Amino acid sequence: AKEQGPNNYRFFRKDMKTKFTQRVAIEQQLRHAIDNDELTLVYQPKFDACTCELVGMEALLRWHNEELGSISPQTFIPVVEESRQIIEIGHWVLHKAAEQMKKWQDAGLGAVSMAVNISAVQLHHEQFIPSIHEILQTYQLEPKWLELEMTESIEINRSSMLEKLRTLNRMGVRLAVDDFGTGYSSISYLQKFPINSLKIDKSFVQRISGPHSDHSLIEAIIAMGRSLKLEVIAEGVETEEQLAYLKSHGCHQVQGYLFAAPLTAGEFEAIYVKGAKL
Ligand code: C2E
Ligand code: CA
Ligand code: CA
Ligand code: CA
């Protein structure tokens with residue numbers, strides 16, 4: 001066992017170095033991403049599970065860099081959360097999404113909401129609530145059309161957080177718990193917080209059918225959400241079988257490749273915005 005030590009050590013070091021180098025490159029390149037117009041938003045529609053009507057969309061961030069290529073938000077978001085660049089980038093996302101929403105509303109988009117993913121770091125920042133006010137004001141958006149998707153990692157137990165969420169709720173902005181079921185939230189926390197909807201993580205949706213099917217958790221999550229009078233939405237819906245299951249168990253909204261992948265603004269507009277002036 002002793003002879004293996006140095007090898008393992010070297011292996012570990014190599015892995016660390018690669019990760020570190022990648023982080024540094026991402027951090028450096030992202031510093032100019034906004035100025036260089038490297039960031040864009042794509043929009044994934046959400047539908048009513050029963051009527052299949054469009055009820056909302058979610059803005060998802062995309063980054064294409066000349067040197068690094070296209071990088072998934074799953075890779076770069078954690079990096080910018082640690083370097084706190086997420087504050088600036090998150091602010092850009094909110095502005096861009098609100099600006100787009102305003103354009104589409106003016107072009108005739110009906111009762112449809114715009115959801116934006118919010119990182120815990122952003123929410124903790126003292127300027128977060130003022131910036132939401134500013135955005136609603138700037139784009140003359142009714143607060144009820146803006147939905148903030150937050151994961152359970154927001155340290156919901158802190159009293160300052162509860163205060164912030166209550167303020168947002170009083171403003172009329174909608175709040176959703178994202179990736180629901182993967183974190184630590186309990187039923188008492190759900191009762192205490194002024195949230196409007198639960199977004200079931202796609203890992204549970206994927207287990208509805210297939211060789212490793214397991215319904216127990218998703219069934220409990222939908223039942224819990226409904227009993228708390230929350231809107232229940234499932235992400236990552238890919239098959240008719242999943243849709244049928246979700247519908248029959250009372251899930252309110254669905255989103256996923258079965259209906260539409262995230263779309264560019266142009267694609268979204270062509271399909272969903274009636275009377276849009278291109
Ligand atoms: P998320 O918020 O849970 O978003 C769902 C992810 O699943 C998205 O990946 C979406 O493109 C993908 N997806 C949608 N439909 C399906 C489907 O039917 N099957 C499968 N397998 N996947 C589907 P994406 O766009 O790569 O984003 C990954 C994560 O990055 C997001 O997870 C979110 O946590 C984060 N993210 C994206 N944009 C932003 C942003 O503007 N701000 C922040 N803070 N985080 C963001
Ligand atoms: Ca989300
Ligand atoms: Ca998710
Ligand atoms: Ca996520």
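If you filter segment 39-97 down to residues that are away from ligand 3 (no atom under 16 Å from the Cβ), among the polar types (S, T, N, Q) and touching a residue at least 24 places away in the same chain (Cβ under 8 Å), you find that the one that is least open to solvent (accessible area, probe 1.4 Å) is ASN65. Going residue by residue through segment 239-258, is there one that turns out to be within 23 Å of LYS144 (Cα to Cα) and outside any loop (DSSP other than H, G, I, E, B)? Yes, because at least one residue in segment 239-258 is within 23 Å of LYS144 (Cα to Cα) and outside any loop (DSSP other than H, G, I, E, B).
Restricting the first member to segment 137-160 and to residues that are at pLDDT 95 or above and open to solvent by less than 70 Å² (accessible area, probe 1.4 Å), and the second to residues that are within 16 Å of ligand 2 (Cβ to nearest atom) and hydroxyl-bearing (Ser, Thr, Tyr), the beta-carbon pairs closer than 8 Å and six or more apart or on different chains are TRP145/SER113; LEU146/SER113; GLU147/SER113; GLU147/SER197.
Scanning segment 259-273 for residues that are in a helix (DSSP H, G or I) and of a type in the set (Val, Ile, Thr) yields one hit, ILE271. Scanning segment 103-112 for residues that are crowded, with 18+ Cβ neighbours inside 10 Å and either within 16 Å of ligand 3 (Cβ to nearest atom) or within 13 Å of GLU142 (Cα to Cα) (or both) returns GLN105, VAL112.
The values are calculated or read from the model by the stated rules, or taken from the named source; none is laboratory data. Remember, predicted model here, so these are calculated numbers, not experimental data. Positions of Cβ are generated from backbone atoms using ideal geometry, with glycine treated the same way; all protein chains shown enter the neighbour counts. All accessible areas refer to the heavy atoms of the entire protein, side chains included, with ligands and DNA or RNA removed. Shrake-Rupley method; radii C 1.70, N 1.55, O 1.52, S 1.80 Å.
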